[in-house]
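Notes for the one structure printed next.
No lab work stands behind these numbers, since they all come straight from the coordinates. Keep in mind it's a predicted model, so treat the numbers as computed, not measured. When we count neighbours, we look across all protein chains shown, and the Cβ atoms used for this are built from the backbone with ideal geometry, even at glycine.
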Amino acid sequence: MNTHEVLKELISINSYSINKSGVDRKNCYIWDQLCDLPLKRTLHKSKMYGDLMHLQSNDYSPNSKTITLVLHSDTVHKEDESSPILMSGNKLYGPGAIDMQASIFVVIELLKKLSENDQLVNINIIFNTAEEKGSPEFQEVFKTISKESNYIFVYEPSDPGRYNPDEEIFKTQFELVTSRKGIFQQKIVTIGPGGHSGSLATKAERKNAIEQAICMMKEIQDLANYDKGTTVNLAYINGGRENTVIAEKCEFTFDVRFTYQEERERVKEEITKILKTEFVSGVEVEDLGYSYDLPPLEPNRNSAKLLSIAQEVGKDLGMEIIGNGRGGWSDACNMYIYNPNAMIIDGLGPKGDGEHTNNEFVYLDTIEPAIRLSEEIVKRIRYS
Ligand SMILES: [Zn+2]
């Protein structure tokens, strides 16, 4: 089977995160491509999501350097979405094409090459099934494998970079990720007794739920620290019901992104204080909790070291490799939080665009360079 057929087949199996049978089918198809290699497969069961697939090289010793490759087979694309799989020049469009079915193809080919060259040694591969939902399950698996890993490669797409896709250099310039922001999203409700806005005339009687919410939101917004990369987004507000009624209820949601774990702690502590502050006497505050609460991949020395290895390798291959921080979350953060001493790099997938849209595509001619880059980094690590 050639590149395009396997990749098209990967894309055509719907693996929306909560389509459990679809995600399981996808992992099965991936295993079909790999089952002749000296790998053993472990499935970690889930009721809600697909079963996480962990592969490990048969040749595995605790005394050698361990490399873990992290991917996710789930996508954000629902079954009833109508985005066809189609080829247009150098681009292959389809749901999940770049996030991250093309990366799965890269790793399938990488593993075959490593096996051919007797390099399939001390390697773990994780095919997560719920990354697009913030990996709410399998944390014990991430923890165990992360702690065993010296090097961690995460296969979110490489950034499109600064070159035009028509230029020759485009396909050999890769922008890897050395840090990612963490995120938490929280929902708050304020509840007051309400009342007639014409009859209640003293300040003490007017216990307005919207007023309490606004005072809190202002203070929460002020917790941003742009120098440290901490931002706050007041995302959604819904409250009150009639001009003549003092608002009984107001609900709001906000989203905090942070580069550093200590910023996460600071903002959370401050929010706890704000929630306890009675800006409007007689209005109660209820914390409805987090919808996401995920750690960052902090800028760190080990990721910088692995980036420089990738850059040396890139030079030898005639590739230009640069490193950058990215705002969005990925499983790289998950792995980092359990083992900050590992060397972690993300963005090792090929290049494309339109992630999470109906126009998602991969640049087909960046697949081969992505495979070569990973293969050579593995060799460099083994022989250094
Ligand atoms: Zn992804």
Legend entry - Principal-axis tilt of helix 261-276 within the chain, Cα atoms, nearest 10 degrees: 20
Inset, instruction - Measure nothing but the geometry: give the 0 to 90° angle between the long axis through the Cα atoms of 139-148 and the longest principal axis through the Cα atoms of the chain, rounded to 10°. - result: 50
Legend entry - When segment 176-284 is reduced to its Cα atoms, the Kirkwood hydrodynamic radius in Å: 15.1
Legend entry - P(r), alpha carbons of segment 270-384 - 5 Å bins starting at zero, rounded %: 2, 9, 14, 15, 15, 13, 8, 6, 5, 5, 4, 3, 1, 0
Inset, instruction - Please order ASP159, ASP80, ASP99, ASP222 by the number of other Cβ within 10 Å, starting at the fewest. - result: ASP80, ASP222, ASP159, ASP99
Legend entry - Farthest positive-ward along the chain dipole, Cα basis, beta-carbon charges - from LEU7, THR42, THR272: THR272
Inset, instruction - Quick one: grab the alpha carbon gyration tensor of the chain, order the square roots of its eigenvalues as a ≥ b ≥ c, and give me rounded if a/c is under 1.5, else prolate or oblate depending on whether a/b is larger than b/c. - result: prolate
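Place a +1 charge on the Cβ of each Lys and Arg in segment 136-234 and a -1 charge on the Cβ of each Asp and Glu, then give the dipole magnitude about the Cα centre in debye, rounded to the nearest 20. Can you show the working numbers first?
Details: 12 positive and 14 negative charges, 131 e Å.
The dipole of segment 136-234 has a size of about 640 debye.
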Inset, instruction - Please give the FRET efficiency for ASN58 paired with ILE85, using the beta carbon to beta carbon distance and R0 = 30 Å, rounded to the nearest 0.05. - result: 0.30
Inset, instruction - Express in nm, to one decimal, how much length is gained between ARG382 and THR42 on full extension, taking 0.36 nm for each residue of separation and deducting their alpha carbon distance. - result: 119.9 nm
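At 0.36 nm per residue, minus the direct Cα-Cα distance, what do ASP287 and ARG206 gain on full extension? Give it in nm, one decimal, please.
Result: 26.9 nm gained on full extension.
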Inset, instruction - Go from 0 up to the bin containing the longest alpha carbon distance in segment 55-169, width 10 Å each, and give me the % of pairs per bin. - result: 11, 35, 32, 18, 3
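Using a/c under 1.5 as the rounded threshold, could you call segment 154-211 rounded, prolate or oblate? The axes a ≥ b ≥ c are square roots of the C-alpha gyration tensor eigenvalues, and prolate needs a/b larger than b/c, oblate otherwise.
prolate
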Legend entry - Ordering of 243-250, 206-213, 373-380, 132-139 by packing [mean C-beta count within 10 Å, highest first]: 206-213, 373-380, 132-139, 243-250
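Suppose we look only past 25 Å in the calculated P(r) of segment 208-343. What percent of the Cα-Cα pairs does that tail hold? Please list the in-between numbers first.
Values: 4100 of 9180 pairs.
Tail fraction, whole percent: 45.
Which of the peptides 361-372, 14-25 is most tightly packed, and how do the rest follow, judged by the mean count of other Cβ atoms within 10 Å per residue? Mind showing how you got there, number by number?
On the way: 361-372: 22.3, 14-25: 19.9.
Sorting 361-372, 14-25 by mean packing, highest first, produces 361-372, 14-25.
R0 = 22 Å: FRET efficiency of LYS273 with LYS228, Cβ-based, nearest 0.05?
Values: r = 19 Å, r/R0 = 0.87.
Rounded to the nearest 0.05, the efficiency is 0.70.
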Inset, instruction - Compute the acute angle (0 to 90°) between the alpha-carbon long axis of helix 209-221 and the principal axis of greatest extent of the alpha-carbon atoms of the chain; round to the nearest 10°. - result: 40
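If each residue's Cβ is checked for other Cβ atoms within 10 Å, how do VAL76, VAL70 rank with the fewest at the top? Each step should come with its number before you reach the end.
Working: VAL76 17, VAL70 29.
If I rank by nearby Cβ atoms, fewest first, I get VAL76, VAL70.
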Legend entry - Candidates PRO296, PRO350, PRO160, ranked by Gaussian network fluctuation over the chain, Cα under 10 Å, top entry: PRO160
Legend entry - Cα centroid separation - segment 134-180 against segment 286-364, whole Å: 4
